[in-house]
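Some notes on the structure that comes next.
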Amino acid sequence: MKPALNDDPFLSDAFSGGYNVHLDAFEGPLDLLLHLIRKNELDIRDIPIAVITRQYLDYIKLMKDLNLEIAGDFLLMASTLLHIKSRMLLPLDEQEEGEPEETDPRAELIRRLLEYQQYKEAGLVIGARALLGREVFTRGASEPLSLRTQGDDNPLELELFDLVDAFRTLLARVPVESFHDVAAGDSLSIADCINETLSLLQERELIHFDELVCLDLTRERIIVTFLALLELCRLKLIRIFQNEPHGKIWFMPAVSRDDSIEGEAAG
Amino acid sequence: MSLSAIIESLIFAAESPLSLDRLCDLLQEYERNQLKVSLGELVVFYEERQGGIQLVEVAGGWQFRTSPELQEYVARHIRTKAAKFSPSALETLAIIAYRQPITRTEVEYLRGVDCGGVIKTLLDKKLVRILGKKEIPGRPLIYGTSKEFLEVFGLKDLKSLPTLKEIQALDQTPFLELQEELPLEQNSAPDNDIFLPFEAGPC
């Protein structure tokens, strides 16, 4: 069940707690690379490309093992790293006049990392300012002008990691079964679970994850519910949101008004 | 009535930041210099008073705002949909703010990920706007920050963005060589500098 471990500190501490896999939500491949560099206390201007490439690929493998969909951007970076690594293995051809400046194949990547780091920091700096509607208020403003339009900031963007988290928390609560029930009684299908959830949502506008499984707190029920919710989400039948970071995850029926927004986005 | 009092009342009653130019329009019986002096006195008055409201310069104008330290108390009464920004939104916003005018491809190159969704959210929140189209193949849209961006982030102008740490680039080859960067020191509004082939607006 457990993916094969190697002695890499990055992965082994990720796996130390049995199924306790910690996945930071990285903003992208550059963010992940910066994280690896920081974690290994490496000099960003002199990245040991072999080490970084290996850890990067391990991380992607970890995502694969968890069946998370890996964004193409991560794969693109993986191939870039491998390309750089292979170029560094080749002897330097001094006769070649093609690119006299770019002797270090890492140069472009390092430049991108430095630049990215800079904007990441700038983002934190401007985010820490006293924002209108958050720290400061103008006279009689019930809502700041510009934020009135959009109530739910991209409710679907962070959900995958959050759902995986909620899923793990719940699984942790299930008592460990000391035996295996070979003849499974009445097995639960995802379709049943979808129907159950939908009918529940017709009665009530809002339910949270715990409620769906509280009656029957078994591993099977939780897993099937989780899959059902992912499916519902894919079909755009429900919307998932949180009131606060790490808060409870709530579900509500998707409304048709969202479709019009989607249409706009396509244009 | 003192001129300071007149200016104070105008700024108080205005819905959005009131610029010196606008004050000049409104108070033509006074010299621009007089207005400047009185406005200065007013600013000093509020600074020294250390009260619950401040007179601040944002988005090229003057506005009364509550002190940030009082956030906790004001928030008890005022219910705003708090300005929440995810790290990716802030990153993208920072890139657009510092590098504008910039195309989506360039933002994505800098961040290493697809930014379509984030940029759309920022457009919806009106923090980012479309400045025009770039005269390169494909004519991609170019983006920049809006007046609302300055208002929400409490900035006088783009020049007052916190300065980036210098990138000590390994070599001096310019990034993406495609367009002129907007120098951060430059005071002029970015939109006056670019060729706008059509009225800026959603495609």
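The values are calculated or read from the model by the stated rules, or taken from the named source; none is laboratory data. All of these numbers come straight from a predicted model, not from anything done at the bench. Counting neighbours? That spans all protein chains shown, and the Cβs are built from the backbone with ideal geometry, glycine included.
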Of the criteria (1) more than 7 Å from chain A (Cβ to nearest Cβ); (2) among the small types (Gly, Ala, Ser); (3) under 19 Å from the mean Cα position of the chain (by Cα), which one B:Ala94 fails = (1)
Which condition does B:Thr103 not pass, out of (1) touching a strand residue (DSSP E or B) at 6+ places or on another chain (Cβ under 8 Å); (2) of a type in the set (S, T, N, Q); (3) crowded, with 24+ Cβ neighbours inside 10 Å, if it passes all the others?
-> (3)
Select, from A:Arg134, A:Arg112, the only residue that is assigned to a helix (DSSP H, G or I) and either at pLDDT below 85 or outside the structural domain of A:Ala254 (by TED's automatic domain parsing) (or both).
-> A:Arg112
Which ones in the stretch A:32-57 are charged (D, E, K, R) and either modelled with pLDDT of 90 or more or touching a His at 6+ places or on another chain (Cβ under 8 Å) (or both)?
-> A:Arg54
Does any residue of the stretch A:144-151 turn out to be modelled with pLDDT under 85 and more than 7 Å from every other protein chain (Cβ to nearest Cβ)?
-> yes
If you go through the stretch B:29-78 one residue at a time, how many are within 15 Å of A:Glu135 (Cβ to Cβ), assigned to a loop (DSSP other than H, G, I, E, B) and either in contact with a helix residue (DSSP H, G or I) (Cβ under 7 Å, 6 or more places away or on another chain) or basic (Lys, Arg) (or both)?
-> 1
Do we find a residue being free of Cβ contacts under 8 Å to residues at least 60 places away in the same chain, within 11 Å of chain A (Cβ to nearest Cβ) and in a loop (DSSP other than H, G, I, E, B) anywhere in the stretch B:128-139?
-> no
Can you name the number of the only condition in (1) assigned to a loop (DSSP other than H, G, I, E, B); (2) more than 19 Å from B:Arg65 (Cβ to Cβ) that B:Ser16 fails?
-> (2)
